[in-house]
Each structure stands twice: as structure tokens, then as C-alpha cells.
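Novice: First the structure, which I've put down as C-alpha cells, then a few questions once you've had a look.
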Amino acid sequence: MSVLACVNETSAADYRQVVDACQAADPAATFLHVPTLGLSHARNAGLAAARGADWAVFLDDDVTVPADWPVTLSNALAAAGSNIGVVTGRVLPAWEGRAVHSPQWRMLLSLVEDTRGVTGAVVPGVGAFFCVRPGIGPALQGFDGGLGRSGRNLLGAEESLLFHRVADRGMALRFDPSTEVLHHIPRGRCSWRWLVRRAYWEGVTQHYLQTRHGQAPRPLATALSWPKSVAKGLLFLATLRIDFLVAALWHVGFAVSGPRGPQAAPGLAGGIGQSVDLRTP
């Protein structure tokens with residue numbers, strides 16, 4: 001299993017700085033400079049570099065793996081039949097500070113904590129860790145450059161769109177809980193400020209994602225997100241349940257993206273993280 005790090009920096013100097021820092025942790029790793037900003041561009045470069053391999057395994061730079069991970073991952077991939085185009089696994093938290101317990105908040109932290117294996121057209125999965133057969137990537141136009149983190153543009157879920165395209169081609173996806181990674185959760189992502197940004201952008205992303213997948217939300221559905229956001233907000237004030245706050249902000253982002261396309265409301269740009277769960281709160 002070889003490691004390739006796609007370094008998404010615009011300048012050669014920044015690329016060199018990242019490589020020098022990373023080589024101390026993994027001297028055997030190789031590096032690829034991807035100067036066009038955007039997570040999708042970096043992932044497409046990795047997909048192209050893995051052409052000819054059986055699987056391309058994608059890990060975010062804030063993920064660590066347990067000592068037995070190469071073995072459990074190899075077993076999970078070996079068990080995937082030829083009809084499986086994507087394999088995902090568990091993503092567990094490594095808290096820097098306090099833990100959060102709200103299910104919706106944990107979802108926005110890109111955690112996948114299910115314990116049951118699932119095979120089908122829709123499975124649990126996030127961008128922090130997933131595996132794709134490289135051969136199918138080009139046929140599916142790779143990762144959509146209109147999605148993926150890029151500077152202050154927080155549209156995510158480009159891997160989710162690829163998963164949907166895999167299913168559209170008649171291939172299955174497999175969630176294997178036997179393989180897992182640890183996702184570093186900084187203190188900042190356990191703050192209310194981060195949650196507000198992140199939940200809002202999830203709504204923006206999901207509106208855009210549905211449009212890119214050929215299922216553009218009807219104008220009425222988008223318009224109804226405004227009263228839904230108010231209702232969820234009132235429920236939050238009445239109960240102080242964080243999940244209602246997440247749902248309210250999700251609907252605001254979904255409504256704001258509307259016919260004008262994905263846009264950031266003033267003061268809500270910024271933040272990081274992503275989820276590929278398509279359920280509406």
C-alpha cells in the first residue's frame with residue numbers, strides 16, 4: 001500500500017513547506033503538487049495517479065489510523081465483490097477538547113459511528129475516509145469541480161455526488177464497519193460559532209448537490225424552507241435541543257441558495273468540515 005499526498009497549495013514555496021513537515025511523519029510517502037485550489041482538484045489528481053490500481057483510498061489530512069488499519073482495510077477491500085464501486089468505513093472522533101453529543105452536530109463533524117455493515121445504493125460515508133475503484137472515476141467525470149472546499153467557498157459533498165453516480169451506473173456501495181479511522185476534532189469545531197456556520201453551509205451544499213445530481217429542488221420546496229427554519233428555531237428556543245438549531249440553520253442555507261445558486265449570507269462564510277448524509281433535518 002503506497003501513500004501519495006496531494007498538496008493543494010498555489011505556490012511552490014508553500015508546497016515545499018508542507019512536504020518538509022510531512023516527510024518527518026512518513027518518509028516513505030510521495031507528494032504531488034496540485035496548484036489549482038479546490039479539494040475536488042486534489043482528489044482528481046489522486047484518482048488519476050492511482051489509475052491501474054485496484055483501489056484508491058482517500059484520507060483527509062486530519063485523520064489518523066490505528067496500527068492494524070492496513071490489515072483491516074485490505075481485508076475489507078478484498079471482500080468487496082466486483083460489483084462494489086465504493087467502500088466506506090467508520091470515522092470515530094479524536095477530541096482535542098470536550099466531546100459533543102448532539103447526533104446532528106456529530107454528523108456535521110464528519111463522524112460515522114454505525115456498527116452494522118450495509119451494501120446498496122446509499123451507505124454511510126464522509127469525505128474523511130472512503131475508497132473508490134480508480135477505473136470508474138474517469139467514466140463518472142471524477143469529482144465535481146463545482147463542489148469541494150476551496151478557500152472560503154465551503155461547498156462540500158463532492159464525494160457524495162460521485163457515490164450517487166456510481167449507484168446510477170448500477171454498481172453498489174459498501175459500508176464496512178470493521179475498518180475505521182480517527183478524525184481529529186479541534187476545540188473550535190465544538191463551538192457555537194462553528195456550528196452556526198457549518199449547519200448553514202450544509203443546507204447550501206445539499207441544495208446545490210441535488211441540483212448537480214439532476215434532482216433540482218422545486219421552487220415551492222425551497223420557499224418552504226423559510227417557514228421550516230422559523231419553526232425549527234422556535235422549537236430550539238423552547239427545548240434548547242441543539243438538533244433543532246442545526247435543522248433551522250440547514251433550512252436557512254437551503255432557502256438562501258434557491259434560484260440564485262449557492263451563495264453565502266453575510267457573516268456566515270468560513271468554517272470547515274463536511275458531511276455527505278443527504279437526509280433533510
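Readers should treat all values here as calculations from the given coordinates under stated rules, not as data from a laboratory. The shown structure was predicted, so the numbers you read here are calculated from the model rather than taken from an experiment. We place every Cβ from the backbone using ideal geometry, glycine too, and count neighbours over all the protein chains shown.
Novice: With a point put 7 Å past each Cα toward its Cβ, work out how far Ala49 is from Ser82 in nm, to one decimal.
Specialist: Placing both labels 7 Å along Cα→Cβ, they lie 3.0 nm apart.
Novice: Roughly how many nanometres apart are two label points built 7 Å out from the Cα toward the Cβ at Thr211 and Asn75?
Specialist: With each label point 7 Å from Cα toward Cβ, the separation is 4.5 nm.
Novice: Quick check: net charge around Asn75, other residues with Cβ under 14 Å of its Cβ, Lys/Arg +1 and Asp/Glu -1?
Specialist: -3
Novice: Based on the alpha-carbon gyration tensor of segment 24-151 and its eigenvalue square roots a ≥ b ≥ c, which shape applies: rounded if a/c is under 1.5, prolate if not and a/b is larger than b/c, or oblate?
Specialist: Cα axes put segment 24-151 in the rounded bin.
Novice: Rounded, prolate or oblate for segment 25-65? Axes are the square roots of the Cα gyration tensor eigenvalues, ordered a ≥ b ≥ c, and the cut-off for rounded is a/c under 1.5.
Specialist: Verdict is rounded for segment 25-65.
Novice: Calculate the spin-label point distance for Ser2 paired with Leu235, positioning each point 7 Å from the Cα along the beta-carbon direction, and give it in nanometres.
Specialist: Modelled inter-label distance: 5.1 nm.
Novice: Please report the net charge: other residues with Cβ closer than 9 Å to the Cβ of Leu161, K and R +1, D and E -1.
Specialist: The answer is -1.
Novice: Using the Cα centre as the reference, give the magnitude of the dipole from point charges on the C-beta atoms of segment 1-119 (Lys, Arg: +1; Asp, Glu: -1; all else neutral), rounded to the nearest 20 debye.
Specialist: 320
Novice: Indicate the gyration tensor shape class of segment 189-243 (rounded, prolate or oblate), computed on the Cα atoms with a ≥ b ≥ c the square roots of the eigenvalues: a/c under 1.5 is rounded; otherwise a/b larger than b/c is prolate and the rest oblate.
Specialist: Oblate, since a/c reaches 1.5 and b/c is not below a/b.
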